[in-house]
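Heads up, the thing below is written out as structure tokens.
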Amino acid sequence: MSLGAKKIKKKKKPLRPEEVETLAEQTLNFLRKNIRLVIAFTGFFLVISALLWGYGRYTSLQHEQAAYAYYAAVKTLSNNDVSIKNDDISIVLNRLEKLTKLYPSQSVAIMASLDELALLCRRGKWDEVVKIGERLKATISPDHPFYPLLIRHVAIAYTKGNHVDKALQAWNDFIAVAPKEWLREAYWEKARIFIEMGKKDEAVDCLRKALSSEGFLPADFVIKERLHSLSNAG
């Protein structure tokens, strides 16, 4: 065999076992040199983990307590019960008010406030509805899904309280944020206000918008009848 065909292997000098520092030994050496730093970091991590767990548990418990409090407050009510006693309404209103004070940052507090407004509307407490509603408007974002319902309560209260200018503004605010299925009611209510004010043209315009808007109430024939009566009134 020729020398060119031979592969000359260079033998490496083997390391003695005592010269080899394993990964485990490196880790141990690092820990020995930085023991205080390691202890401090571990302690910090454990404290943060405990705080996060505690906060998560606390918020979860708050949600559960708020949800139960809301259920306890409204369980005596029924959406189909229009004959609920005033005494029962007073009890529910008191519970809802306490709930909103105990859990102001919980989403269920908004639901409780809206239920409170609905019950106050049922009792004809228009000034209280306006007071609570205007306060909530400053705390609830217009993007919140319940915001249109809030504005509707306020608009109804201003209308029933005969505050015509504020009522018209509230209905305009409602039209700006309400689902399209609710617009018919808003234009109808505006038309009624304009009729009371003797503003026929504005009333007719709102009635026509109500007739072309989606929604079920009032029915088409009711709107058409009102339009017809205004036209005959000259």
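Within the stretch 140-175, being more than 22 Å from the chain's Cα centre (by Cα) and of a type in the set (Ser, Thr, Tyr) holds for 158, 159. Quickly run through the stretch 87-133 and pick out the residues that are surrounded by 15 or more Cβ atoms within 10 Å (Cβ to Cβ), modelled with pLDDT of 75 or more and not hydrophobic (A, V, I, L, M, F, W, C). Answer for the stretch 87-133, where residues must be surrounded by 15 or more Cβ atoms within 10 Å (Cβ to Cβ), modelled with pLDDT of 75 or more and not hydrophobic (A, V, I, L, M, F, W, C): 113, 115, 116, 125, 128, 133. Filtering 160, 137, 166 for residues that are under 18 Å from residue 120 (Cβ atoms), modelled with pLDDT of 90 or more and surrounded by fewer than 16 Cβ atoms within 10 Å (Cβ to Cβ) leaves a single hit, 160. Being of a type in the set (Gly, Ala, Ser), in a loop (DSSP other than H, G, I, E, B) and buried (at least 16 other Cβ atoms within 10 Å of the Cβ) is a property that residue 215 has.
Would you confirm, using the coordinates I've provided, whether residue 189 is surrounded by fewer than 16 Cβ atoms within 10 Å (Cβ to Cβ) and either of a type in the set (Phe, Trp, Tyr) or closer than 24 Å to residue 147 by Cβ (or both)? Full working, then the answer.
Values: surrounded by fewer than 16 Cβ atoms within 10 Å (Cβ to Cβ): no; either of a type in the set (Phe, Trp, Tyr) or closer than 24 Å to residue 147 by Cβ (or both): yes.
So residue 189 does not fit the description; no.
For the stretch 155-183, the set of residues classified as within 19 Å of residue 218 (Cβ to Cβ) and not small (Gly, Ala, Ser) consists of 156, 159, 160, 168, 171, 174, 175, 179, 180, 181, 182, 183, listed by residue number. Taking the criterion of being under 22 Å from residue 192 (Cα atoms) and part of a helix (DSSP H, G or I), the residues of the stretch 119-138 that qualify are 121, 122, 126, 127, 129, 130. Only helices (runs of 4 or more DSSP H) whose full extent lies in the stretch 139-208 are considered here, and the ones with at least 1 residues that are at negative phi and of a type in the set (S, T, N, Q) are 147-160, 164-177.
The values are calculated or read from the model by the stated rules, or taken from the named source; none is laboratory data. Bear in mind that the values here come from a model prediction, so they are computed numbers and not experimental data. Because the Cβ atoms are built from the backbone with ideal geometry, glycine has one as well, and the counts that use them run over all protein chains shown.
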